[in-house]
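Student: Below is one structure. I have some questions about it.
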Amino acid sequence: MKYVYRFTPEIILLFYICMFFGFKSPEKPWDRVINSDGKAYYAYLPAIFIHHNFEYKFVEDYEWVYYPHDKAAFKEFRMKAGNKVVNKTYPGMAVVWTPFFLTAHFVAYLELSPTDGYSPPYQFMIAFASLFFLWLGARTLMRLLMKFGASAKNAAFIAAVIAIGTNLLYYTITEGSMTHVYSFALITSFLLTTYNLTHTEKTRWFWISMFLLALIILIRPTNALVLLLVPFVAGTSERLTSTFARLKVAKSSAVKGILIFLLLMFIPFLLWYLQCGKWIVYSYGDEGFHFMKPYFFSILGSYNRGWFIYTPVAFVSMFGFIGLYRKSWFHAAVLLIFLVIFTYVASSWWVWYYASKCGQRIFIDIYAVLGILLVFLYMNFKSAVIRRSLTALLIALCALNIFQYYQHTKWIFPPYVITSEIFWDSFFSTDKTAKAYIPKDAIVAIRTYTNDMEKELPWMNNRSRTNLASFSGSWSSKADTILPYTSGMEVKPDSIFTTANRIIRVTAMVFAPKERTDATLVADFSSGGKGISYNPFYLETFISPDEWVKVQVAFYIPADLPKDAVAKVYFYNPARYLPIFIDDMTVDYISLKDEADYKKIEGVVLPAH
């Protein structure tokens, strides 16, 4: 069995590869590997090696060729610095990716693929890079845990729990061009090399540690906080003192380490100068830290991406402080201080939830700490029954994480702010649902109209009524080749609302036989017979074939509508031969408080212009 434990990182890697090909589709415009913030980190490489300038004019080109034309996946990273443009991000990821990029460039040349930096060879090579660093992080984590007293068996199991039971899975496979799997591997490696430096006589570990530290800072400067963990891995002040003494004697290692660190840290300053002629630039504009207003407890326990809520393995690991304290109060104090400071800094960022998916992503970088705490959690229990129960709990949490990974890849958990209602609605769901969440304290008044299709009402398109299918009663509304519009409502907004901040919410049961539908729910605003704002909500991803599905969608009404404007809501089916049926339709005309917080509620469709 010991032989098997040695290959746990390779087994984890194989699992990740299977998950990648099962859930990731890099050949599709909306699911490229180089995506989101990764486009910004990566842009240095084509700018340097392909375009030989930092004007970043190639952004529109690659967006048009490789990404959705509606710019649903567009990422703007170009920031003004005087009359020049700079990449807002730090260049650490570009440094890490350079060998992978050059390999992809060579492969693209051999395969006769476009050598533009974004064709399939580049996309798959960045995927390979994320998987490589996942393997490196798992391999290094096992070695680090054994330094802290874990057996090979326990180290292998805990490494697997960190890899499979946390959102490291999501940020390696689905968003592998984000920084987190790389920071996880580098920080874990830094802790291991620092341990070796302080516990052995080999001073070469110093320059290796400095190399890793420089990369860690270049990727995310706030991760320099890992220096606070140096006393933890050293163990005692005597070891730190003796390490510095050895470095004074072995000056070549000390000088080499300092030079490597300084040369790497010079890269961002050089790039700023080459981009805009200034040596120091704050490229994040209005984005920054609000240290006087941290969201300390929200980042840990909020339904909106709280770390402990979406990654319960992290919460369980915190009980490892009990075993750590029993072994050494010094170690427990140092680690606790680090976590408090790291959490405080992270929660002070202007968008404290980091627009994360699959939980809070900022803590992935320091998952080596979770591994260490789990080691001491196991050490705290002598009873075999309790240890087995803990193992069973962690395995169950791994299964939960895989399920939630599936939910996030299918957008069952929405990308916007998640409330407790949204969380519990989504928690056990396996299908993406259309539901509008309007804060109750935002509502001033509601006027509601319902149509169960059982009799003709003064609604639009009454001749769409049919008794061929129904959800309740005997009648529904059908949209097909003869009449592509279902029953709907037409009103003059000025006659029905009481405030200027207005929403129409539509709820209905929808049935699409045979296959998924191309139908849309439409909010159409016009004046004098001329269209002002046409807003379709596509139903395809929410409708299951041959099944009645509840759909609820809310639309903002344009603020500048003329007094004689008309608002229409209805379902439209462009398919020639495949009908859809609508039943139990409710239309709510909601007047909201005229306050900034309620003029752009996430999940409510904004009017098109």
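The values are calculated or read from the model by the stated rules, or taken from the named source; none is laboratory data. Values in this document were obtained by computation on a predicted structure and should not be read as measured data. Note: ideal-geometry Cβ built from the backbone for every residue, glycine included; neighbour counts use all protein chains shown.
Student: Tell me, which residue of region 568-609 that is modelled with pLDDT under 95, closer than 21 Å to residue 501 by Cα and small (Gly, Ala, Ser) is surrounded by the most Cβ atoms within 10 Å (Cβ to Cβ)?
Tutor: Once the filter is applied, the top-ranked residue is 603.
Student: Oh, and also: Please determine, by comparing only the residues of region 278-299 that are in contact (Cβ under 8 Å) with a residue 60 or more places away in the chain and not in a loop (DSSP other than H, G, I, E, B), which one is surrounded by the fewest Cβ atoms within 10 Å (Cβ to Cβ).
Tutor: My answer is 289.
Student: Sticking with this structure for a sec: Which one of 137, 176 is in the same structural domain as residue 327 (by TED's automatic domain parsing), modelled with pLDDT of 95 or more, closer than 18 Å to residue 20 by Cα and assigned to a loop (DSSP other than H, G, I, E, B)? Steps first, answer last, please.
Tutor: On the way: 137 fails: assigned to a loop (DSSP other than H, G, I, E, B).
Going through 137, 176 in turn, just one is in the same structural domain as residue 327 (by TED's automatic domain parsing), modelled with pLDDT of 95 or more, closer than 18 Å to residue 20 by Cα and assigned to a loop (DSSP other than H, G, I, E, B): 176.
Student: Okay, moving on. Tell me whether region 73-89 contains one or more residues that are in contact (Cβ under 8 Å) with a residue 12 or more places away in the chain, in a helix (DSSP H, G or I) and either of a type outside the set (S, T, N, Q) or within 21 Å of residue 277 (Cβ to Cβ) (or both).
Tutor: Checked region 73-89: no residue is in contact (Cβ under 8 Å) with a residue 12 or more places away in the chain, in a helix (DSSP H, G or I) and either of a type outside the set (S, T, N, Q) or within 21 Å of residue 277 (Cβ to Cβ) (or both).
Student: Right, something else. Can you pull out the strands (runs of 3 or more DSSP E) entirely within region 412-516 that have at least 1 residues that are among the hydrophobic types (A, V, I, L, M, F, W, C), more than 28 Å from the chain's Cα centre (by Cα) and under 30 Å from residue 595 (Cα atoms)? Let's see the steps before the verdict.
Tutor: On the way: elements: 443-451, 476-479, 489-491, 501-511.
Where strands (runs of 3 or more DSSP E) fall fully within region 412-516 and carry at least 1 residues being among the hydrophobic types (A, V, I, L, M, F, W, C), more than 28 Å from the chain's Cα centre (by Cα) and under 30 Å from residue 595 (Cα atoms), they are 443-451, 489-491, 501-511.
Student: Would you point out which residue out of 33, 96 is surrounded by 17 or more Cβ atoms within 10 Å (Cβ to Cβ), in a loop (DSSP other than H, G, I, E, B) and within 25 Å of the chain's Cα centre (by Cα)? Reasoning before the result, please.
Tutor: Working: 96 fails: in a loop (DSSP other than H, G, I, E, B).
Answer to the check: 33.
Student: For residues that are in contact with a Ser or Thr (Cβ under 8 Å, 6 or more places away or on another chain) and farther than 19 Å from residue 543 by Cβ, tally how many sit in region 458-502. Lay out the reasoning, then the answer.
Tutor: Filtering region 458-502 down to residues in contact with a Ser or Thr (Cβ under 8 Å, 6 or more places away or on another chain) leaves 459-462, 464-470, 475-479, 483, 485-487, 497-499, 501-502.
Filter again for farther than 19 Å from residue 543 by Cβ, leaving 459-462, 465, 467, 475, 483, 497-499, 501-502.
Here the count works out to 13.
Student: Which one of 132, 124, 106 is assigned to a helix (DSSP H, G or I), among the aromatic types (Phe, Trp, Tyr) and touching a residue at least 40 places away in the same chain (Cβ under 8 Å)? Before you say what the answer is, go through the steps one by one.
Tutor: Numbers: 132 fails: touching a residue at least 40 places away in the same chain (Cβ under 8 Å); 106 fails: touching a residue at least 40 places away in the same chain (Cβ under 8 Å).
The conditions single out 124.
Student: Looking only at helices (runs of 4 or more DSSP H) that fall completely inside region 301-352, which ones have 1 or more residues that are closer than 20 Å to residue 230 by Cβ? Walk me through it before giving the result.
Tutor: Values: elements: 307-310, 312-317, 320-327, 329-347.
In region 301-352, the matching helices (runs of 4 or more DSSP H) lie at 320-327, 329-347.
Student: With 44, 67, 62, 56 as the choices, which residue is closer than 21 Å to residue 124 by Cα, in contact with a helix residue (DSSP H, G or I) (Cβ under 9 Å, 6 or more places away or on another chain), among the hydroxyl-bearing types (Ser, Thr, Tyr) and free of Cβ contacts under 8 Å to residues at least 40 places away in the same chain? Can you show your working first?
Tutor: Details: 44 fails: free of Cβ contacts under 8 Å to residues at least 40 places away in the same chain; 62 fails: free of Cβ contacts under 8 Å to residues at least 40 places away in the same chain; 56 fails: closer than 21 Å to residue 124 by Cα.
Within the list 44, 67, 62, 56, the selection yields 67.
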